[in-house]
Every structure is written in structure tokens, then in C-alpha cells.
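The values are calculated or read from the model by the stated rules, or taken from the named source; none is laboratory data. Treat the numbers as computed from the prediction; the structure is a model and nothing was measured. A quick note on method: Cβ atoms are made from the backbone with ideal geometry, for glycine too, and the neighbour counts reach across all protein chains shown.
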Amino acid sequence: MDRNKRRVTYMTGANSTLSGYGMNEGKKKKKKNGLVQKLRNMLSVAALAAVIALAVSYAFSNTGRTMLGKVTRIGATLSQNVTPFGDSVIFYDGTTLHCMSANGGNEWSYQIGTNADYDATQERIVAWSGNDLYILNSRGRLIYNNKMSDSIQFASAGSGYVAVFVGDIDNGVVSVINDAGQIVDNVTISNQTLLDIGFFKTITTSSAQEQELMWVLGLDTTGTVISTELQTFQPGKLSTGKSSLGENIAYKVYSIGGKLEVVTTRQIMHYNYRVLEESNPTLIYGYTVEDVKVNGGVTYQLLIPAQESREGVHINNVRLMYNDVDRVLHLPSECIGAALGTHSVYGFSGNAVYACRFGETSFSAHAMPVNVTAVLGMITDNRAVIASGSEIYVVELPR
């Protein structure tokens, strides 16, 4: 209601009340003056409150801290191995895998037993407990189940294959299983410590159509100097390449346009499917690769400063690389996490998220409806999966 209207209403009500009591003119005047003074005081307080509210509103809007979209609490806790999964979220509660929609509804559940773990891609989920292996499709339906010959160390899901590593960490076998549940390869791992397995798609010299290949990253401990080794395999046709990457330990492998990007603490090395270097390495000393996302045929790589302390993440700037662009973006304030959306880079502080659209250099600030203590990743439609204490939320972010 308009403030002037409120004053007229109050004064009219006071006058009618005075005449109703039949006071003499002196008493009326004295009483009236007292009421008027009280009303003036009340109006002064109201006016001051309005000015303060306006100032706060202006200050809030002036910082760009607009509120975000829908916020949904997911029925999971931080300790339950929560993973973003397409437009959903997967978590393991100690016996069962659950897939929750971004709106908080349960899409499917599948019991896999105790002390289990899992890996997921857009197409499938591979889960294991002891030597029991489960492969589910994206709708949570079982498409393969078997007992492996030994304890499963870990497994990795691809588009058309699953790789399962069984045995000892430095002396085991990687079994490759296709969509039909057939083991098409058994790759022996010896004299090295297996670090990771993954899949990528590329065009090979033997086929004009894109093929799915597997990469295996291991640590050779047989020599006097420890070195990292990368091998590639075409399932059913065994090895397609092998190379030593030197003393710097690789901690991440991903694909851009059918080529493998191998990240060490100093550089990103670029290999073709035969593990031959395609170009000179990209120096990233002082940064680590935090997120990779493909949008419109362009692969965006987000790097954050290497953390010297294990006591939380402290991010003051991020580095964004795509095509021929390699740019450092400075955040408005220190953040605890960073991620890539469909069109923007995001930095997360405890009470705000900062967004910078691809191609731009400045961030806009947006107030977070909950206090952010961890960033778990992104799902579709620019929605972040975050933790606030032990609780998990999905938050719609600005584009």
C-alpha cells in the first residue's frame, strides 16, 4: 500500500475516534497532539525501514546477486557415493543403487549387496561387490550378472563395452564384456600397477566408421625409475598401441575428436589411438583439469589452480581452454568448487555461485539458497549437484 494513503487512513481514524468520546476541546487538542506525535514517530520508523530495505535491495542487485531457479533436496547424503547421471542422480545407500530425478522422485532402485561400488556413463551402469558383477542399462534394468573368477578391483563403463579388472592390483586381468554379455578380451596386467581404464571413440585405419576403443593406464615399477604407460586396445582385436609417458604420473585421460588427452602434473599430452603424439604437449604447470564438457562440437576444458593443501579447496581463478583459446578468468571471490555448464563456467562459494558465459571474461553473482559445502558435478539443463553439510541438493543455475 502507498505510504501517503496509509497516513490519510490513520489520521481519519484518529479524528473519528476522538469525536466519538465527546472530549472537550482542550482534552481533544492534547490527546490529538499526542496521537499525532505517536503517528509521526511510527511513520518515521516505517519510512526509515523502507529506506533501509531499498538500500539493501539496491546493494544486493548492484552486486548482481539475483536468486537462482528451482532448488530440490535429493534423498541422499554426502557419504552415499553420489554421482550426476544425465538428468538424474545416482547414489548407493550401502546395499542398493538408487536413481533419483532432478525433482527428487525415485526413478529406479537395484539391490547390489554390501561393500559395493559402481561406475556410470549415459548408456549404462556397472556395479560390483566382491566378485559379483552387475551391468544395468540407463533405466536400471539388469542386462548382465555374473561371478568373476576373482575379486573385482574396479570396473569402467563405456558405450558398448564394460571393462572389469580382477585379481591383484599389480597382477590381474582386464576382462572386456560386450552388450551381449560375452567376454571379448582378457588383457593380462603384470609388472605394473593398474591406475585406470576407460573407453573412447575414434576412426581407425581399418574402418571408416567410428569404433569404440579401450585405453589402459598403468604405472611401470620394474625399472629403476617409475614411469607411466598408456596402452590402447580395440576390443576383440587386442593391442593397437603402447607408449611410455615418462616420470610424470598421469591422473586423467579423456578424448577430444577421437584423440586422447593425457593429463599429468605438468602438461597435457595429445595422442592418437595408436598412442603416437599428435602435437606438442600443452603446459599446465600449477593447474589441474577439473571438468571437461562437449557442447556444439567444441570441447571445453576447465582447470583450477593446483591445491597445495588438503584442507579444503581455495579457487581464486580458473583457466578455460577450447579450440585455440586459453584464458584465465578471475573470480569475484574465493570459491570451493568450479564446473562447466552448457554455456557457462561456474564458480561456487559458500553462499553464491558466479557464472561467466563462454567467450566472455566477467562473472555475474547469484545468491545460493543453501550454504554450499561441496560441488559434486553438473547434470543436464545447467543444474548443479551440491552438498550442504551432509544433505544433497539439485540447483538450477543461470545459463
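Would you say Tyr300 is within 20 Å of Val375 (Cβ to Cβ) and hydroxyl-bearing (Ser, Thr, Tyr)? Before the answer, list the steps.
On the way: within 20 Å of Val375 (Cβ to Cβ): yes; hydroxyl-bearing (Ser, Thr, Tyr): yes.
Spelling it out, Tyr300 is indeed within 20 Å of Val375 (Cβ to Cβ) and hydroxyl-bearing (Ser, Thr, Tyr).
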Condition broken by Gly86, with the remaining ones in (1) farther than 30 Å from Gln234 by Cβ; (2) in the same structural domain as Ala367 (by TED's automatic domain parsing) satisfied: (1)
message: Quick check on this structure: which one of Ile135, Ile112, Ile152, Ile125 is more than 26 Å from Gln234 (Cβ to Cβ), at pLDDT 95 or above, among the β-branched types (Val, Ile, Thr) and surrounded by 18 or more Cβ atoms within 10 Å (Cβ to Cβ)?
response: Ile112
- line: Cβ pairs under 7 Å, 6+ apart or interchain, first in the range 351-376 and closer than 21 Å to Val71 by Cα, second of a type in the set (D, E, K, R), ordered by first then second residue, are Ala352/Arg65; Ala365/Arg65; His366/Arg65; Ala367/Arg65
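Enumerate the strands (runs of 3 or more DSSP E) found wholly within the range 243-322, keeping only those where 3 or more residues are more than 29 Å from Gly86 (Cα to Cα), touching a helix residue (DSSP H, G or I) at 6+ places or on another chain (Cβ under 9 Å) and not assigned by TED's automatic domain parsing to the domain that holds Thr342. Full working, then the answer.
Details: elements: 252-256, 259-263, 267-271, 277-283, 287-295, 298-305, 315-322.
Passing ranges: none, list empty.
Among the residues of the range 69-108, which ones are β-branched (Val, Ile, Thr) and either under 22 Å from Gly389 (Cβ atoms) or assigned to a strand (DSSP E or B) (or both)?
Taking the range 69-108 and keeping what is β-branched (Val, Ile, Thr), we get 71-72, 74, 77, 82-83, 89-90, 95-96.
Passing the criteria: Val71, Thr72, Ile74, Thr77, Val82, Thr83, Val89, Ile90, Thr96.
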